[in-house]
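Each remark here refers to the structure printed beneath this line.
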Amino acid sequence: MHYIRKNIFVIFFSATALFLLFWSLGSKELWGSEDRWAEITRVMFLSGDYFHPTINGEPYFDKPLLSYWFIAFTAVVTGSLDELSTRIPSAVAGLLALWATFIMARRMWSGKTAATAVWILLTSYGFIFWARTAAADMANLTAIILAVAWYQFRKEKLGFFTYLIFYLICFTGAHAKGLAAVAIPLIAVFADVLVFRSWKKHISISHAVAAAIGFAVYLFPFIFASMTNSGYTSDGLYLVFRENIQRFVNPFDHKEPFFVYFYYLPELLMPWSIIFIGAAISAFCGFRKMDRNTLWLLLTTLLIFLFFTASGSRRVYYIMPILPFCAIMTAVMLNSELFKWKNIFCDISKYLLILTGLAFTASPLACIIMEEKFLVDMPLILYIIGPISGMLAILVFIKRYSIRELQAKITGSSPEIAPLILSVLILGGAFFCFQFPAMSSFSTNKKTSMALKSDISKVPVANIAFFKKAPVNMLFYIGRKEPFTVLESPEDAKRFMAENRGPKLIISFNKYADSLIKVLPAEIKGSPILVERDPFAGKGRNNISAWKIDGAELD
């Protein structure tokens, strides 16, 4: 019992983090870009080739290899490649990022600051969302904060070993997402050099040798892939240049206004955005009174923000690596006298959380409206979890001294901040662990794929084609070894229908179907064998339809 009382924060936080990141993790079907990670890994297992990623037989080296290897390893451990094993690497990376953030914040400031920082990070919308998503973004964030935390932990013991581990973390992380895993830690080191005027300590042969070894480790998979390409037409090193350097200075896509991160960052930090904005304003106003550690943090956060803003290619998830630094900055300022308007910003956040709790409590009304409007049966859990979580999120603000002291103990934070943490935790847990997974029961992509799978398995692969584009999630769920034909135009569809004997299948997104239907035989134009029906979107443009050619029944 003494051990539990002494370590109640560690126990409570660890259990909460595991629950938030892993509960119902595999319940939702693949969505968005998740299918690329799953399908590439599936093909790697089939081919035994883990250095030449492909999708439907076409090279796809747009992302480095490490994130696919993480998924492959997880699939071997769990015994299956599915939604859960595809997402577990991101969730594990999230745990590592929280640990690194806590260790660095505790070492540089205090245990209370570290506890507040990791709660803010864990319960931020952007962090928990991407930690529960199969992608490389959380691994990228984790590599960056691990490298920076290692540097801060070892900066008084600079030498070959310190530099080697630093660069190995950076360049290994670069194999998850890209060179940002190298650039951002170096920006943090640069800020440290400016604040502490320690540039002479970094000029050494051991530093150069360690950096060279790290770079060699980074190059090896690309060189090996190039030497063993066997007709593979994609060059990993070229795509490193294209996806990192060219995209930064002369982007070919993802072009958004230069000011976009001024609202993307608060979006990722929800519901802590209000307090973060107040903390950031106070930090900039009071930087002359800061200790050097906090000044380093402020400068590092600013430089990271400017780095991503300077890039010509911008997306909301690109700036995710800044989240641990923002969380620590918010926690530092909450425990600092420099945050002059702390009570005002905290009160605003408190009342917004209470309003959100009231909305959660009333959520069964929204379920009833949805059922009547869309003629669906909403999952029972949505009627239960909303009111319970909403009321609990409001009740944590009861102003009793004994309750506030208990809240402070279990969160490791101050009595003023603890209720905010618990309210956000309750609402976030209800949404991500119960409400969001429950709504996945209405997703139709997997159901459509499985409905086609039995028919497709009876047709020679040469007689199956996708029009314009093959849905990657469908490739994964169908699970055929051979790649499918992709028809680029109506003329290609005509030739496909004229070739080979036997039944044929053509599958198309509804947004492309109009031009395909024009060349289909008249008797089947209005009679697709399958139409994906989303209860909330009807025959949406991104839904799937399939036609059987020649009128023959599938055996």
When you have a sec, figure out the Kirkwood radius of the stretch 445-549 from all distinct Cα pair distances and drop it here in Å to one decimal?
13.8 Å
Expected-Rg normalisation [2.2 N^0.38 Å, Cα atoms] applied to the stretch 15-145
1.14
For Thr54, residues with placed amide H under 5 Å, excluding near neighbours
Tyr60
Expected output is a single nm value to one decimal: the length gained when fully extending between Asn343 and Val249, i.e. 0.36 nm times separation in residues minus the C-alpha distance. What is it?
29.6 nm
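If each residue's Cβ is checked for other Cβ atoms within 10 Å, how do His207, His175, His52 rank with the fewest at the top?
Working: His207 19, His175 25, His52 22.
The most exposed by this proxy come first: His207, His52, His175.
Give the Kirkwood hydrodynamic radius (Å, one decimal) of the stretch 396-444, defined as one over the mean of 1/r across all pairs of different Cα atoms.
On the way: mean 1/r = 0.0825 Å⁻¹.
Its Kirkwood hydrodynamic radius stands at 12.1 Å.
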Overall Cα dimensions of the stretch 342-441, principal axis frame, Å, largest first
47, 24, 19
Among bridges DSSP assigns within the chain, what percent are antiparallel (round to 5)?
65 percent
What does the charge add up to near Ser80, with Lys and Arg as +1, Asp and Glu as -1, over the other residues with Cβ less than 14 Å from its Cβ?
0
For q = 0.24, 0.30, 0.33 Å⁻¹, what log10 I(q)/I(0) does the stretch 198-245 give under the Debye formula with an equal point scatterer on each alpha carbon and no solvent?
-0.88, -1.05, -1.12
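How large is Rg over Rh for the stretch 278-370, taking Rg from the Cα atoms and Rh as the Kirkwood inverse mean of 1/r across Cα pairs?
Values: Rg = 17.9 Å, Rh = 15.7 Å.
Computed over Cα atoms, the ratio is 1.13.
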Quick one, which of (i) 20, 55, 24, 1; (ii) 21, 41, 26, 11, 1; (iii) 19, 48, 28, 5, 0 is the actual P(r) over Cα pairs in 20 Å bins from 0, in percent calculated for this model?
(iii)
What helices does the chain have that are whole DSSP H segments, at least 30 Å long along their own axis by Cα, and with mean Kyte-Doolittle hydropathy of -1.0 or more?
83-108, 205-227
Separation of alpha-carbon centers, the stretch 456-477 and the stretch 105-183, rounded to whole Å:
40 Å
Looking at the stretch 445-549 only, what percent of DSSP beta bridges run antiparallel? Nearest 5 please.
55 percent
Where does the stretch 208-307 land on Rg(C-alpha)/(2.2 N^0.38 Å)?
1.60
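Above 13 angstrom, tally the Cα pairs of the stretch 431-506 and express them as a % of all pairs, no decimals. Provide the component values of the computation, followed by the final result.
On the way: 1997 of 2850 pairs.
Value for the stretch 431-506 (Cα pairs over 13 Å): 70 percent.
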Gap in Å between the Cα centre of the stretch 230-250 and the Cα centre of the stretch 278-330?
29 Å
First select every other residue whose beta carbon is under 13 angstrom from the beta carbon of Val260; then total the charges, Lys and Arg +1, Asp and Glu -1.
+1
Taking just the C-alpha trace of the stretch 89-334, give me its Rg and Dmax in Å.
18.0, 61
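Here, each number is a calculation from the coordinates, and none is a lab measurement. Because the structure is a prediction, the values reported are computed rather than measured. Using ideal geometry, Cβ is built from the backbone for each residue, glycine included, and neighbour counts are taken over all protein chains shown.
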